[in-house]
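Beneath this line is the structure, given in structure tokens, with notes to follow.
The values are calculated or read from the model by the stated rules, or taken from the named source; none is laboratory data. These numbers come from a predicted model, not from an experiment. Using ideal geometry, Cβ is built from the backbone for each residue, glycine included, and neighbour counts are taken over all protein chains shown. Quick note on the areas: whole protein, heavy atoms, side chains included, nothing else; ligands and nucleic acids left out. Shrake-Rupley method; radii C 1.70, N 1.55, O 1.52, S 1.80 Å.
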Amino acid sequence: MPLGGGNKCGRCSKTVYFAEEVLCDGRSFHKSCFLCLVCTKNLDSTTVAVHMDEIYCKACYGKKYGPKGYGYGQGAGTLSMDKGEALGITHEEAAPHRPTTNPNPSKLAQKFGGSDRCPRCGKAVYAAEKVIGAGSSWHKIGCFTCAICGKSLESTTLADKDGEIYCKGCYGKNFGPKGFGYGQGAGALAHTQ
């Protein structure tokens with residue numbers, strides 16, 4: 001440990017004191033400097049990926065250094081746009097997406113006692129219970145859930161449509177691409193009697 005209190009941060013090169021130190025790959029970082037180099041998300045021991053002397057979240061690391069080519073698709077962003085027209089499958093056009101609106105945009109109203117309203121229950125949402133998703137403020141407990149299955153959501157696991165929020169699974173089943181080639185693994189092979 002060098003003279004002056006602590007090791008040097010691997011990102012900003014300033015002194016890292018014990019109370020704010022995060023160790024990764026033999027180097028010290030400030031908690032506030034332990035961020036993905038690409039998307040700047042906060043990292044922890046379960047989400048960090050190291051390449052040379054650079055730190056990334058696992059998603060950005062996979063995009064930058066992961067395998068490429070046929071068969072290495074990762075999620076909905078890699079779906080083919082082939083809708084099966086060559087096989088005679090016809091599709092109805094989806095309604096245009098309408099972005100959600102904040103029901104109380106006035107900063108003055110928020111400062112002097114007004115607050116955002118939860119789109120699910122219509123009640124006031126205060127800072128201690130607020131989570132933001134789909135352009136609105138929601139109650140974290142009870143309201144920030146999938147509109148179909150009721151599963152609790154996080155900002156990274158939600159999808160929105162027409163001001164309502166869904167888990168990615170329910171969104172894909174109800175609003176995702178349909179037709180030949182869009183099955184979702186064994187779960188898409190439904191047994192009917």
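Remarks
- Lys178, sole failed condition from (1) at pLDDT 85 or above; (2) open to solvent by 50 Å² or more (accessible area, probe 1.4 Å): (1)
- When residues of the range 14-40 are limited to those that are in a loop (DSSP other than H, G, I, E, B) and closer than 27 Å to Lys63 by Cβ, the one nearest to the chain's Cα centre (by Cα): Cys39
Listed here are the residues, each with its yes/no results for (1) modelled with pLDDT of 85 or more; (2) outside the structural domain of Gly135 (by the TED database).
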{"position": "Thr145", "(1), (2)": "yes, no"}
{"position": "Lys151", "(1), (2)": "yes, no"}
{"position": "Thr157", "(1), (2)": "no, no"}
{"position": "Glu164", "(1), (2)": "yes, no"}
{"position": "Tyr171", "(1), (2)": "yes, no"}
{"position": "Tyr182", "(1), (2)": "no, yes"}
{"position": "Gly185", "(1), (2)": "no, yes"}
{"position": "Ala188", "(1), (2)": "no, yes"}
{"position": "Gln193", "(1), (2)": "no, yes"}
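- Test: residue in the range 14-33 that is surrounded by fewer than 12 Cβ atoms within 10 Å (Cβ to Cβ) and modelled with pLDDT of 90 or more: yes
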